[in-house]
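First comes the structure, then the notes that go with it.
No lab work stands behind these numbers, since they all come straight from the coordinates. Everything numeric in this text was worked out from a predicted model, so none of it was measured. Virtual Cβ from ideal backbone geometry, glycine too; neighbours counted across all protein chains shown.
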Amino acid sequence: MDIWAKKLDDKYQTLEEHTLWVCDEALKQIDDKTLQKVANISGWSTEKIKDLIFFSAYFHDIGKATIEFQNTIKSGTQSYHPLYGAFLLLGIKDFDYKDDGFSNLLVVVVLSHHSLFPKQYNESNYEFTFLSNYMDFQNKYKMIYQKTCDKECLYNFDFKEVKKESFKAYIDILEKQHAKINNTSKFRMLYTYVSGILNLADWIASARFTQTTPPLTTFEFIPSKKDFITHLTFDRLRDFQENLSDSTQSILVEIPTGEGKTEGSLLWAIKNIYNKNTKIIYTLPTQTTSNKLYQRVQNFFDKNECGLIHSNAKIFLEKEYERDNGVVDEHFKSDFLVSKSFNKPVTVSTIDSLLKYFINIGRFNIATKNFLNSVIIIDEVHSYDFKLMGFLKRFLELCYEYDVRVCLMSASIPNKIKELLNIKDYPIITQNDLFKKKANEIRKMDCELDDDFDFIFEKFEESKNILIIRNTVKSATDTYKYLKEKYSLNNKKILLYHSTFKKKDKNKKECLIFKKLDSKKPFILVATQIVEVSLDIDFDVMFTDNAPIDSLIQRFGRVNRKKNEQNKGEIYIYKYSKAFPYTNSYLLDLTFEVVQDGYFELGEYVKWLNIVYNKLFEMDKSVNNEVSRLFDDAYKKYDETIKKLSGINKSQDNYDLRDITFQKNDYLLYDDYMDGQTKYDYTISLPYYLERKYLYTSQTETNYEVLNLKYSFEEGIIFDDEKIGLNELGE
């Protein structure tokens, strides 16, 4: 009698065939360098780890050789084959992990290959009966091992069955035993590597059965510098790019905006790829910048080799897939499922999406397995708050410990931040002549921006593209409305962009901005600090509220990005009497004091940056308190969380890596809800506190709460009450 493992319509696959496919795919995932890393960290031999991978793959679905699972195949009834399979493996002691705690890693990997720990089973789940011929498959392990691994199998497993009551008791105390384990990092490393390989192999084998094109998880050909250069849009590499292309260590890149850091970092990554299994992971601060870079890296790598990860990546990728293929199908769903865990050869991601896997969120086992054989680029490293930087410091230590090379990049990172991150001794790649370039004439204005609209309009009448950056949504909206009305500007001449737009409309707004810039017809963009790192834009003139020095320098990079000294940009910085959304008024005052009027080399900006930060850390006790409260706590978070989760338990996604003043949620708006528009791209990210006044309580049919707020594509959320809402939003 055949034992079935898979069914698709009228097509069946036997347990033996599926198992052989999984074993084959699992062994393909092993590379000697990563395997040796895991051996060094865990203290287990490479051969023992490879054997655990093989036997995890061989026995992972043996629980399907039960009456209960065969009924699942035939009629769709519920069963728990990982639990049934673990039952047969209790007597195998060859892969036990012991210190003060205990774990049978073979049992644990098989038990959790569909859903991660913690486990919850009820009494009825333990009612199962193995088929009469299950031992025919079980006892082939020696023969299949020898055939697959090309060596004699020296293992003699004891498949002695225990009483169901004893099995239940074993499962019940399993997590308590895990909690006693001292070296959770070592235990986690073994588990994530082996189970990550098993999960990925199982996915690929399943895709093969359904005749879905298996997702591409390795480079077809290892990319080379020579091939990469043929895709560049410029004739020759800059000196710093050449240096990056020869570097084989973790580095810090300090190069001004718009000079080719991205291409240089990818050349560094290519140099550090050691086999087809190596992953390139490129992280950025925002979803918008990640989306843009994802499209850009496809100029250098095959599109099927590229993945995108952030909380809204699915909707972005679905739209791309629909555009190219007409409809989202099973191939897309399979490919996206696999790509979510950094399985693609090249993945662009927000930094949050990468770091969260290190506190066991999502399929952390697969992501960790891929991390071990990756090279990582962290762009805009200066742009994060103290909380995320604390976590980043611990992540960089893990990279060093696990020999994962990292390329950190910044146009302007203060020396004080380098000290905090402990990267001051990183080898630095820079190019001094690029910092001698000049881009913009800077003028500090002795008034607030609201008092100078006539001057702004005069500049617009000179046929210049104008960027206005306000520090809050309300001030940006008010500025937009005032300029539009007073100077009779139509929608072709002025545009508003901030955070309170629906996701689909933010994307439309971004496309409009780029379209207007490409048209060379002058227009005014009124925005918030959301444009500091979100959009790769280039304007002629900028008018901005005063802001912290690092934010100001980011804003400077949105004007005359090409540093054309024949057509220098103009920047006007206005006094800003409020502190919000920033928390440190001393920092704002110090910034306005240190920045000077004039036409300066870019290197002068870095000097200003260090002057401000040195004085800030020396003179402002609140900064040191903030470092202690945010940076130090976040730095400890990894080890505390992993210990709390016994190394391998899945965590809830309820930890913010950033210091968020107002917690936000995704909401639908009342009008869309009533029109049946309940898809994710109709949602808008807004603070929780708005529920108190605007929640539409009868909402029951969607995953999103519904807010009864006015909205327009032109302005975003519209509040009738001036005392709530937009005043408190800083983006």
To the nearest 10 degrees, how steep is helix 503-519 against the longest Cα principal axis of the chain, on a 0 to 90 scale? 50 degrees
Principal semi-axes in Å for the range 456-607 [√(5λ), Cα gyration tensor, largest first]: 24, 19, 15
Given q = 0.17 Å⁻¹, what are the Debye log10 I(q)/I(0) values for the range 213-337, with equal point scatterers placed on the Cα positions and solvent ignored? -0.99
All-pairs Cα distance distribution in the range 4-209, expressed in whole percent, bin size 10 Å: 8, 36, 38, 16, 2, 0
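Between K424 and N708, take the C-beta separation as r, use R0 = 51 Å, and let me know the FRET efficiency to the nearest 0.05.
Working: r = 52 Å, r/R0 = 1.02.
According to the calculation, E is roughly 0.45.
Give me the extension gain from E320 to T129: residue separation times 0.36 nm, minus the current Cα-Cα distance, reported in nm with one decimal. Intermediate results must be reported in sequence, preceding the final value.
Details: separation 191, 0.36 × 191 = 68.76 nm, distance 4.72 nm.
Answer, rounded to one decimal: 64.0 nm.
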Quotient of Cα radius of gyration and Kirkwood radius for the range 295-400, i.e. Rg/Rh, equals 0.99
Taking the chain as the reference, fit the longest principal axis to its C-alpha atoms, fit the long axis of helix 330-339 to the helix C-alpha atoms, and give the angle between the two in degrees, 0 to 90, nearest 10. 80 degrees
Stretched fully, the stretch from D227 through D239 gains (0.36 nm per residue minus C-alpha distance, one decimal, in nm) 2.5 nm
Are any of the pairs K520/K575; K6/K344; K64/K160; K516/K563 more than 28 Å apart by Cα-Cα distance, and if so, which? K520/K575
So, with points 7 Å from each Cα along the Cβ direction, the R658-K180 label distance in nm works out to 4.4 nm
Report, by chain and number, residues whose modeled amide H sits under 5 Å from the one on K664, excluding near sequence neighbours (fewer than 5 apart, same chain). Y688
Identify which of the listed values of percent of Cα pairs over 44 Å apart was calculated from the structure shown: [x] 58; [y] 31; [z] 37. [y]
For 307-315, 141-149, 373-381, ranked highest to lowest by mean beta-carbon neighbours within 10 Å, the order is 373-381, 307-315, 141-149
Both in Å, the radius of gyration and Dmax of the C-alpha trace of the range 225-432 are 16.7, 51
Lys, Arg +1 and Asp, Glu -1 on Cβ, resulting dipole of the range 569-623 about Cα centre, debye, nearest 20: 260 debye
Which pairs in the list K436/K506; K37/K98; K621/K650; K333/K509 are over 30 Å apart, alpha-carbon to alpha-carbon? K436/K506; K621/K650
If one takes the longest principal axis of the Cα atoms in the chain, at what angle in degrees, from 0 to 90 and to the nearest 10, does the Cα axis of helix 287-297 lie? 80 degrees
For the range 495-573, what is one quarter of the convex hull surface built on the Cα atoms, given in nm²? 5.4 nm²
Along Cα→Cβ, 7 Å out, is where each label goes; now give me the distance between the ones at Q36 and K11 in nm to one decimal. 4.1 nm
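Tell me what the chain gives for mean residue ellipticity at 222 nm when only DSSP H runs of n ≥ 4 count, each as -39,500 (n - 2.57), the sum divided by the residue total, rounded to 500 deg cm²/dmol. Intermediate values should be presented prior to the final figure.
Numbers: 32 runs with 325 residues, N = 731.
Only helices count here, giving -13000 deg cm²/dmol.
Would you mind checking K340/K503; K437/K459; K444/K484; K502/K568; K151/K279; K261/K418 for any pair whose Cα atoms are more than 27 angstrom apart? Each step should come with its number before you reach the end.
Values: K340/K503 20 Å; K437/K459 24 Å; K444/K484 25 Å; K502/K568 36 Å; K151/K279 30 Å; K261/K418 19 Å.
From the list (K340/K503; K437/K459; K444/K484; K502/K568; K151/K279; K261/K418), the Cα-Cα distance tops 27 Å for K502/K568; K151/K279.
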